[in-house]
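A short write-up of the structure that comes next.
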Amino acid sequence: MQLGTPLSQYLIEEQRLYPEATGSFTLLMNDIALACKTISAAVRKGALVDVLGNAETDNCQGEQQKKLDIIANDLFIKNNIWRGHIAAMASEEMEEVFPIPEDKPRGKYLLVFDPLDGSSNIDVDGPIGTIFSIMRSDKEHPTEEDFLQEGVKQVCAGYCLYGPATMIVISIGHGTHAFTLDPDIGEFILTHKDIQIPATSAEYSINHANRVKWEKPMLEYVQDREAGVDGKKGKRYTMRWVGAMVMDVHRILMRGGMFAYPIDEGIRAKGGRLRLMYEANPISFLVEQAGGIATTGYERILDIKPSKLHQRIPVIIGSKEEVTDILDYHKAFAAEHDLKFTHECKLYK
Ligand code: F6P
Ligand code: MN
């Protein structure tokens, strides 16, 4: 039997490209992979081990927590807290930065994560995932301020998808690669090397229930695609929406398309629906590394300087041709209404 490249081998080979590397990042990634395998095991057992349903708490953003949100958050902390590679962590489920306790060694990395993305899928046995982002810290005791780095500064971005197979998808700035968990040996094996998002597609993913509240550019785009053969692309489009960003984005990495959670009047006061630091930034990094585009409609997501840990922003990502079209609609709208537009689409033409 031919054994593919395990994640651990891929990481060591990457480490060898940097003679000055201490191995700390490689070990941190192994801890993250272990955390994801542990979460995957809990997810797979589902109702058998009483992990479904609501917890009795809300998170710091006023969202009802699921039992698995809390379990996944705890597992991520437990697997990463003691090894000495991290200076501090932050998560969707915790209001404040989580410092490494004084009695544990501290490392040079900051870890930000969404322990269980798409939690509304838990109780219906739908796909869910974990999203993570790693940045550097130059402080031994980092504060929230130290986390507020532009997405381009991420050392590594990734997610683990708990679908029919468990897959981890990562980028450390040298392309986007996917590894599938072989449950027989408990290792992630490289199955999708250097993923390339097709530039064209006939699929889009958006929550249509928000349609009446969208801004004009998004409405114009969707109306054009709905027109099918009578639309500007002259072909029939299809719509897919799982409601777990990790899954909706994974589909785009695998076969192209467009995913958006755009600004709408219902969420304008909050800045958007998805969180910049542990949802939009890592996903945008993976998408750009796979040849796609990630934008708010007006600016490149990875260039945004975060203003707070739980900041929300609009997200539009995917195949170059689709997102370039959406940028064109936004550019025209921005010119009409004197809005700031910095994501120049000519870059992609
Ligand atoms: O964490 C946010 C999230 O669960 C995403 O995975 C998903 O795309 C989105 O929320 C769905 O939100 P809604 O159902 O409110 O439109
Ligand atoms: Mn999420």
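The values are calculated or read from the model by the stated rules, or taken from the named source; none is laboratory data. Computed from a predicted structure; not experimentally measured. Using ideal geometry, Cβ is built from the backbone for each residue, glycine included, and neighbour counts are taken over all protein chains shown. When the accessible area is computed, the model is the full protein with side chains, heavy atoms only, and any ligands, DNA or RNA have been set aside. Shrake-Rupley method; radii C 1.70, N 1.55, O 1.52, S 1.80 Å.
Does T143 satisfy being crowded, with 21+ Cβ neighbours inside 10 Å and either of a type in the set (S, T, Y) or in contact (Cβ under 8 Å) with a residue 40 or more places away in the chain (or both)?
Working: crowded, with 21+ Cβ neighbours inside 10 Å: no; either of a type in the set (S, T, Y) or in contact (Cβ under 8 Å) with a residue 40 or more places away in the chain (or both): yes.
For T143, the condition - crowded, with 21+ Cβ neighbours inside 10 Å and either of a type in the set (S, T, Y) or in contact (Cβ under 8 Å) with a residue 40 or more places away in the chain (or both) - is not met.
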Checklist line | All positions within region 127-138 that are more than 10 Å from ligand 2 (Cβ to nearest atom) and either crowded, with 21+ Cβ neighbours inside 10 Å or assigned by the TED database to the domain that holds L276 (or both) | finding: F132, S133, I134, M135
Next item on the list: Kindly check whether there is at least one residue in region 220-243 that is within 16 Å of ligand 2 (Cβ to nearest atom) and open to solvent by less than 40 Å² (accessible area, probe 1.4 Å).
Entry: yes
Check: Can you pull out the residues in region 18-76 that are open to solvent by 40 Å² or more (accessible area, probe 1.4 Å), free of Cβ contacts under 8 Å to residues at least 12 places away in the same chain and closer than 18 Å to C156 by Cβ?
Finding: Y18, E20, A21, T22
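Hey, does region 121-142 have a residue that's assigned to a strand (DSSP E or B) and over 30 Å from D103 (Cα atoms)?
Going residue by residue through region 121-142, those that are assigned to a strand (DSSP E or B) are 128-136.
Narrowing further to those that are over 30 Å from D103 (Cα atoms): 128-129.
For region 121-142, residues assigned to a strand (DSSP E or B) and over 30 Å from D103 (Cα atoms): present.
Is it true that some residue in region 272-282 is of a type in the set (D, E, K, R) and surrounded by fewer than 18 Cβ atoms within 10 Å (Cβ to Cβ)? Show your work before the answer.
Keep residues of region 272-282 that are of a type in the set (D, E, K, R), which gives 273, 275, 279.
Now restrict to residues that are surrounded by fewer than 18 Cβ atoms within 10 Å (Cβ to Cβ): none.
Among the residues of region 272-282, not one is of a type in the set (D, E, K, R) and surrounded by fewer than 18 Cβ atoms within 10 Å (Cβ to Cβ), which makes the answer no.
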Next item on the list: May I ask you to verify whether T191 is away from ligand 1 (no atom under 16 Å from the Cβ), of a type outside the set (K, R), in contact (Cβ under 8 Å) with a residue 40 or more places away in the chain and surrounded by fewer than 19 Cβ atoms within 10 Å (Cβ to Cβ)?
Entry: yes
Next item on the list: Considering only region 77-126, state which residues are within 13 Å of ligand 1 (Cβ to nearest atom) and crowded, with 20+ Cβ neighbours inside 10 Å.
Entry: S91, E92, E93, F113, D114, P115, L116, D117, G118, S119, N121, I122
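Examine region 303-326 for a residue that is on the phi > 0 side of the Ramachandran plot and under 16 Å from the mean Cα position of the chain (by Cα), and state whether such a residue exists. Can you show your working first?
Taking region 303-326 as the starting set, the residues that turn out to be on the phi > 0 side of the Ramachandran plot are 318.
If we keep only those that are under 16 Å from the mean Cα position of the chain (by Cα) too, we end up with 318.
Taking every residue of region 303-326 in turn, at least one turns out to be on the phi > 0 side of the Ramachandran plot and under 16 Å from the mean Cα position of the chain (by Cα).
Report the residue count in region 1-17 for those that are open to solvent by less than 60 Å² (accessible area, probe 1.4 Å) and either more than 24 Å from the chain's Cα centre (by Cα) or touching a residue at least 40 places away in the same chain (Cβ under 8 Å) (or both).
Selection size over region 1-17: 7.
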